[in-house]
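Nothing in this text is a laboratory measurement; each read-out follows from the coordinates by a stated rule. If you're wondering where the values come from, they're calculated on a predicted model, not measured in any experiment. Neighbour counts are summed over all protein chains in view; Cβ atoms, including those assigned to glycine, are modelled from backbone coordinates with ideal geometry.
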Amino acid sequence: MKNELLPTRFSGIYDEVYAGFWIRVAAKILDFIIMLPIIGLFLYINGLSKSAYFYAVVPNLLFGIFFEVCLVKIYGGTPGKLIMGIKIIQKNGDDVDWRAACYRYSVEFFIAILAVYVMILTLNMIDDSTYVSMGFMARNQFLATINPIPMKVQSWVNGLWVIIGLIVLVSNARKRSTHDFIAGTVVVKSIFMDKIKEIANNSTTDEVE
């Protein structure tokens, strides 16, 4: 029977198998750089008018789902992770399925929905001419002043999620973050995938804590 949870160490592998903090940070930075053209496009559209922002909400959310769910299911990670040589798999060594990919992004998707909801509430407090008259930075500062509490709550929720994820990641042997525990996944170095698959399917694997 396949092990329900991969061991913390693998026989015959003397390097670290699980992807740690810094390599995952580097993958996030690469993802941001790769997404810059798309981010720039959405920012440009959002700045055209309030209506343009509203029309861009659904495509923006769908792009997030494509990037964080579809790519994870199909390729085992986002482009940044693949470039850095790390892969998301299920905790028993199987490839990520749709359920795990969706669960892994579920909290971030909720936070994205919360951000959109707060922004829509805030935009309804100003007219379109005021909105388009300001640049990106000035507009964001103005919006934060006219609806401060919801904007701060949304920012705190996002920040708290990131902080909790970092604490969890550095506090367990398999370097699983919060969304990994929710989805039942781990992030490993791709070069060890053949060995991981071999050991994961071997019922006699001894786990070393």
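So the values come out like this:
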| read-out | value |
| --- | --- |
| Extended-chain gain in nm, criterion 0.36 nm per residue less alpha-carbon gap, F32 and T8 | 5.6 nm |
| Inter-part distance where segment 20-77 and segment 119-180 are each reduced to a Cα centre, Å | 15 Å |
| Cross-link pairs beyond the 21 Å C-alpha cut-off, checked among K28/K195; K175/K195; K81/K189; K28/K87 | K28/K195 |
| Estimated 222 nm signal from helices in the chain, with DSSP H stretches of n ≥ 4 weighted -39500 (n - 2.57), rounded to 500 | -20000 deg cm²/dmol |
| Total charge dipole magnitude, the chain, about the Cα centre, Cβ charges on Lys, Arg, Asp, Glu only, Debye to nearest 20 | 180 debye |
| Karplus (6.51, -1.76, 1.60) ³J(HN,Hα), θ = phi - 60°, over segment 46-59, in Hz, Gly and Pro reported as x | 4, x, 5, 5, 4, 4, 4, 4, 4, 5, 7, 4, 5, x |
| FRET efficiency estimate (nearest 0.05) - Cβ-Cβ, V162 to D15, R0 22 angstrom | 0.20 |
| Isotropically averaged projected area of the chain, using the convex hull of Cα atoms (one quarter of hull area), nm² | 12.2 nm² |
| Amide N proximity, segment 1-35 versus K195 label position 7 Å along Cα-to-Cβ, cut-off under 17 Å | 6-20 |
| Theoretical gain in end-to-end length, V153 to D128 [0.36 nm per residue, Cα-Cα removed] | 6.5 nm |
| Straight-distance crosslink candidates among aspartates and glutamates, where the alpha carbon sits under 20 Å from K73 and sequence neighbours closer than 8 are dropped | E4, D31, D94, D95, D97, E108, D180, D194 |
| Check: segment 50-173 dipole with +1 on Lys, Arg Cβ and -1 on Asp, Glu Cβ, in debye | 180 debye |
